[in-house]
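The values are calculated or read from the model by the stated rules, or taken from the named source; none is laboratory data. A quick note: this is a predicted structure, and the numbers were derived from the prediction, not measured. No Cβ is skipped: glycine too gets one built from the backbone with ideal geometry, and neighbour counts run over all protein chains shown. Keep in mind that these areas ignore ligands, DNA and RNA; they rest on the heavy atoms of the full protein, side chains included. Shrake-Rupley method; radii C 1.70, N 1.55, O 1.52, S 1.80 Å.
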Amino acid sequence: MASPIVKESTSPEERLLKLLSEPSVQSLLTTVSRLPVFSKEMALAFKDDLDLLLALKQLKYFWNLPQSQLAILLEVMARQLEGPSQAAPFQEFLRVLTQTPNHAKNIKHLNDQLPAEVKAEYLRNADYLETADSHAVYPTSIYRQCDGFTLATKDASTIEAVMSTTLTTTIKIARKVLEPSNHLLYNIYKPLGRCVAVVDDKVDAIYGEELDAYFAGHGIEFKKIVSSGNEADKDIRDVERILVSLKKVGLADPQSKKMAPPDDRFVVTPTDLMISTLTKSQNMAAVGEVVRMLDGVDGMVVKYSTQPSEALRNISVQTAKTNPNWAEMEKKGATSKLLEAGRDGGSFCNGVIWPLCTLKQLVAGCLQLWEAEMISGQAEGQLLQLLVKFGRVKKVLDIGTFTGYSSLAMAEALPEELDGSAVLVAGRQVKLEGSGWVTSSLFRPKSDHYPSGRSRSGGRDQLAKSCCQGDGRVVTLERQEEAAKMAAENWASSPHVGKIESRVGEAQALLQALASQGESFDLVFLDVDKPGYFALYQTLMETGLLRVGGLLAVDNTM
Ligand SMILES: C[S@@+](CC[C@H](N)C(=O)[O-])C[C@H]1O[C@@H](n2cnc3c(N)ncnc32)[C@H](O)[C@@H]1O
């Protein structure tokens with residue numbers, strides 16, 4: 001069995017592939033994978049060689065075992081069946097294999113590198129096991145086996161189910177386990193890459209240093225969770241504390257993976273806030289259930305609410321994709337300030353672009369993505385559209401443009417026809433009565449709007465005015481020139497672009513200017529820096545910018 005692994009001229013991985021391609025090894029592995037290794041019969045059959053029984057119990061799962069663990073198990077097999085001399089080559093092979101970066105990767109990952117006929121044979125076995133003994137190819141743990149079956153009446157009004165779980169464990173009583181030459185712990189933890197140990201403070205006081213030295217000496221990451229060894233402290237709270245510590249080092253029940261560790265949770269939305277508060281609570285079982293429910297809310301809303309237009313979807317995608325530019329621009333001095341979420345930390349934004357950038361990426365602390373999170377997105381966009389339609393709104397003030405999502409969402413819901421002199425059509429073209437087609441780039445904002453300083457012809461001005469000051473209109477305010485620019489690019493492909501007028505500057509100053517022009521709006525959407533809300537609210541009320549009977553929607557207030 002050992003011959004393929006002793007050819008020292010080839011890499012350990014190549015030797016392992018050779019070993020797996022050996023007909024006798026392939027036959028051994030596929031046969032063992034089909035054995036009922038946890039059964040009483042099997043235990044009794046190997047009662048005189050428990051080391052072999054233990055190796056077989058694990059070898060059954062060879063497909064999902066780390067490469068180095070397979071090497072260890074084959075060494076045990078060789079030793080138990082053929083004697084120490086046959087096992088020796090495996091020890092040397094294990095030494096070189098564990099120095100390769102991939103030794104902790106599962107055997108099934110080698111699949112594609114195997115010769116075609118060998119690979120086909122392993123896959124045939126995996127296919128067979130998938131139905132005959134699915135746990136053998138999809139184990140949740142190699143120490144646990146679950147089974148069950150259900151019977152149902154034809155109309156499924158009665159269902160009878162039987163379920164079982166079988167656990168197996170190995171207890172070894174050994175001396176000098178922490179001596180560097182003792183491989184008992186090494187054989188278990190080296191293939192896994194790390195060891196997490198729960199020890200009481202007495203054990204830590206006596207053996208702590210030796211434990212540290214053993215794992216450090218073997219190059220195995222070691223995490224120690226020390227708890228009180230006093231009898232008086234051993235109650236359910238101690239168990240909970242240990243479980244929380246295990247979760248912190250990344251050992252959680254795979255079923256509860258969605259419950260992000262509290263320290264990592266990036267708090268953005270009110271839902272996040274609830275989740276992070278709950279996960280810090282003590283009663284983890286009940287809390288876990290609630291957290292999972294809350295965690296699913298955003299996804300559910302996105303999935304089941306009306307889907308956004310292509311143009312709005314593109315804004316989400318573009319914002320996520322181009323957002324890293326913000327930090328770059330900040331470095332180059334192209335923006336004067338980072339957007340408010342990064343500065344005051346008090347901004348709550350909607351997490352609707354989560355499908356595009358995962359929470360993990362956000363947690364990675366990358367400010368750029370944090371900023372991308374400021375987009376209002378699908379759920380809020382739909383609500384804003386609903387408000388516009390139900391309120392028969394014609395004039396909207398959008399305070400906080402960012403990359404233009406809320407402006408376009410509301411523009412889409414506004415009445416289509418403007419003032420009769422121009423009709424918006426798909427794409428970027430408009431038809432003037434008595435004239436040909438003209439592109440909507442003619443709807444260039446006024447010089448104090450974004451983008452500023454471009455030349456305009458009188459006719460174009462008139463057209464821009466007639467469209468922007470027609471029945472359906474969104475005026476949107478943004479302090480960041482770059483954000484406003486991005487928004488303008490995002491709207492460009494929408495047939496509703498002509499309804500949007502972008503103004504760049506501090507919201508308070510822009511509001512005063514609008515008020516002095518005698519403007520008033522049916523709907524105001526306030527979505528800027530949260531500490532500034534109250535002053536802006538006062539201006540809106542005192543200047544009449546929000547018409548009597550108008551509607552004020554304020555983001556992130558719940
Ligand atoms: C939460 S985002 C707006 C999101 C946007 N409504 C959407 O639908 O995607 C807030 C935006 O307001 C801008 N902003 C924050 N405080 C401002 C202020 N005082 N005046 C003008 N703009 C401001 C920020 O630069 C940022 O782009």
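Which condition number does LYS47 fail, the rest of (1) charged (D, E, K, R); (2) in a helix (DSSP H, G or I); (3) closer than 29 Å to SER134 by Cα being met?
(2)
Answer yes or no as to whether PHE46 is more than 25 Å from ALA104 (Cβ to Cβ), surrounded by 16 or more Cβ atoms within 10 Å (Cβ to Cβ) and not basic (Lys, Arg).
yes
Take segment 513-533 and flag every residue that is assigned to a helix (DSSP H, G or I) and more than 12 Å from the ligand (Cβ to nearest atom).
Listed by number, the residues that qualify are ALA513, LEU514, ALA515, SER516.
If I filter segment 375-393 down to residues being part of a helix (DSSP H, G or I) and closer than 18 Å to PHE521 by Cβ, which single residue comes out as nearest to the ligand (Cβ to nearest atom)?
Looking at residues that are part of a helix (DSSP H, G or I) and closer than 18 Å to PHE521 by Cβ, I get LEU384.
THR158: exposed (fewer than 13 other Cβ atoms within 10 Å of the Cβ), modelled with pLDDT of 90 or more and under 22 Å from SER68 (Cα atoms), yes or no?
So THR158 does not fit the description; no.
Can you tell me which condition ALA126 does not meet? The list is (1) open to solvent by 30 Å² or more (accessible area, probe 1.4 Å); (2) in the same structural domain as ALA55 (by TED's automatic domain parsing), and all the others hold.
It fails just one condition, (1).
Among the residues of segment 146-166, is any under 20 Å from GLN58 (Cβ atoms), in contact with a Lys or Arg (Cβ under 7 Å, 6 or more places away or on another chain) and not polar (S, T, N, Q)?
no
So for segment 100-121 (the condition being buried (at least 16 other Cβ atoms within 10 Å of the Cβ), farther than 30 Å from SER181 by Cα, touching a Ser or Thr at 6+ places or on another chain (Cβ under 7 Å) and in contact (Cβ under 8 Å) with a residue 12 or more places away in the chain), does at least one residue qualify?
For segment 100-121, residues buried (at least 16 other Cβ atoms within 10 Å of the Cβ), farther than 30 Å from SER181 by Cα, touching a Ser or Thr at 6+ places or on another chain (Cβ under 7 Å) and in contact (Cβ under 8 Å) with a residue 12 or more places away in the chain: present.
From the list VAL199, VAL118, which residue is of a type outside the set (S, T, N, Q), more than 22 Å from ALA43 (Cα to Cα) and in a helix (DSSP H, G or I)?
Exactly one residue qualifies, and that residue is VAL118.
Can you go through ALA311, ALA327, ALA320 and tell me which one is modelled with pLDDT under 75, within 14 Å of the ligand (Cβ to nearest atom), touching a helix residue (DSSP H, G or I) at 6+ places or on another chain (Cβ under 8 Å) and in a helix (DSSP H, G or I)?
Selected residue: ALA320, the only one of ALA311, ALA327, ALA320 that is modelled with pLDDT under 75, within 14 Å of the ligand (Cβ to nearest atom), touching a helix residue (DSSP H, G or I) at 6+ places or on another chain (Cβ under 8 Å) and in a helix (DSSP H, G or I).
So which residues in segment 534-548 are open to solvent by 40 Å² or more (accessible area, probe 1.4 Å) and within 10 Å of the ligand (Cβ to nearest atom), if there are any at all?
ALA535
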